[in-house]
1. Considering each residue of segment 116-145, count those that are under 20 Å from Leu176 (Cα atoms) and of a type in the set (A, V, I, L, M), and give that number.
2. Could you pull out the residue among Asn39, Asn96, Asn29 that is surrounded by 15 or more Cβ atoms within 10 Å (Cβ to Cβ), outside the structural domain of Pro165 (by TED's automatic domain parsing) and either polar (S, T, N, Q) or at pLDDT below 55 (or both)?
3. Out of Ala127, Ala149, I need the residue that is out of contact with any Lys or Arg (no Cβ under 7 Å at 6 or more places or on another chain), within 30 Å of Ala78 (Cα to Cα), part of a helix (DSSP H, G or I) and aliphatic (A, V, I, L, M). Which one?
4. Residues that are under 13 Å from Thr166 (Cβ atoms) and either surrounded by 19 or more Cβ atoms within 10 Å (Cβ to Cβ) or among the hydrophobic types (A, V, I, L, M, F, W, C) (or both): does segment 118-138 have at least one?
5. Mind listing whichever residues of segment 158-174 are touching a Phe, Trp or Tyr at 6+ places or on another chain (Cβ under 8 Å) and at pLDDT 90 or above?
6. What is the one condition in (1) surrounded by fewer than 16 Cβ atoms within 10 Å (Cβ to Cβ); (2) polar (S, T, N, Q); (3) modelled with pLDDT under 90 that Ser143 does not satisfy?
7. Give the residue, chosen from Val106, Val88, that is β-branched (Val, Ile, Thr) and over 30 Å from Leu150 (Cβ atoms).
8. In segment 147-188, which residues are of a type in the set (A, V, I, L, M, F, W, C) and within 15 Å of Asp206 (Cβ to Cβ)?
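The values are calculated or read from the model by the stated rules, or taken from the named source; none is laboratory data. Nothing here was measured: the structure is a model prediction, and the numbers come from that model. So basically every Cβ, Gly included, is an ideal-geometry build from the backbone, and we count neighbours across all protein chains shown.
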Amino acid sequence: MRYRNRVIWLGLMAAILCVPGVTRAQPNNYEVPGQAAPNIPLPIGNSRMEGGGFYTTPAGRSDLIRRSREHHDGPYPAGQHALALAAVQLFALTANDAYRVLADSVFTVQARMLERAPLACPTLLHALALAQATPISVVVTGSGPLADALLTHARALPRPLTILPTARHEALPWPLLEARTDLPTQALVCVGTHCLLPAFTIAELDERLGAIA
């Protein structure tokens with residue numbers, strides 16, 4: 001269920017941000033002090049706040065008395081916390097600095113809330129932990145039954161992983177895909193952009209992941 005929820009949020013945010021090539025099988029311009037404004041498409045830009053953070057509704061709504069911003073998670077994650085989590089995951093996938101700047105803007109504006117009530121912000125804490133760690137990725141090359149089995153197994157694991165099949169993503173300029181789109185079917189466990197020896201079976205994949213636990 002945790003993996004399913006993570007995929008739903010990532011898929012939703014990828015769609016909102018118009019990120020090409022991100023599949024469910026696996027966050028306009030705003031400014032952060034001291035950093036250049038990243039080029040991220042609408043509707044995110046219409047929801048940004050002066051000084052950082054995001055409203056839950058875009059600008060231009062005449063039917064609302066006021067625009068609110070969620071500072072803590074409830075039965076579902078606060079919108080800007082989910083946005084930060086998706087941005088961190090998309091940064092790990094694409095190495096696009098715009099996503100990291102977006103996540104950092106939410107971390108900055110929510111720093112006081114994190115300090116005062118960390119248990120009210122589990123989604124943001126999750127995003128912050130991922131942002132501070134070196135991302136661990138599983139790149140599955142090729143296609144067919146073995147590739148499907150490796151992907152299914154990797155997606156079912158409880159640990160936070162960036163999972164990327166090369167099939168249908170060959171044209172994307174992402175570092176994780178570099179020199180890997182023409183390889184035979186295998187799973188590559190990567191720490192950052194440095195990968196361990198390839199895994200050709202589920203048992204070997206578990207062994208590679210166990211080596212960096």
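1. 7
2. Going through Asn39, Asn96, Asn29 in turn, the sole match is Asn96.
3. Result: Ala127 is the single residue among Ala127, Ala149 that is out of contact with any Lys or Arg (no Cβ under 7 Å at 6 or more places or on another chain), within 30 Å of Ala78 (Cα to Cα), part of a helix (DSSP H, G or I) and aliphatic (A, V, I, L, M).
4. Yes, segment 118-138 has at least one match.
5. Leu164
6. Evaluating Ser143 over (1) surrounded by fewer than 16 Cβ atoms within 10 Å (Cβ to Cβ); (2) polar (S, T, N, Q); (3) modelled with pLDDT under 90 leaves (3) as the failure.
7. Val106
8. Within segment 147-188, Ala149, Leu150, Leu151, Ala154, Ala156, Leu157, Leu161, Ile163, Ala187, Leu188 qualify.
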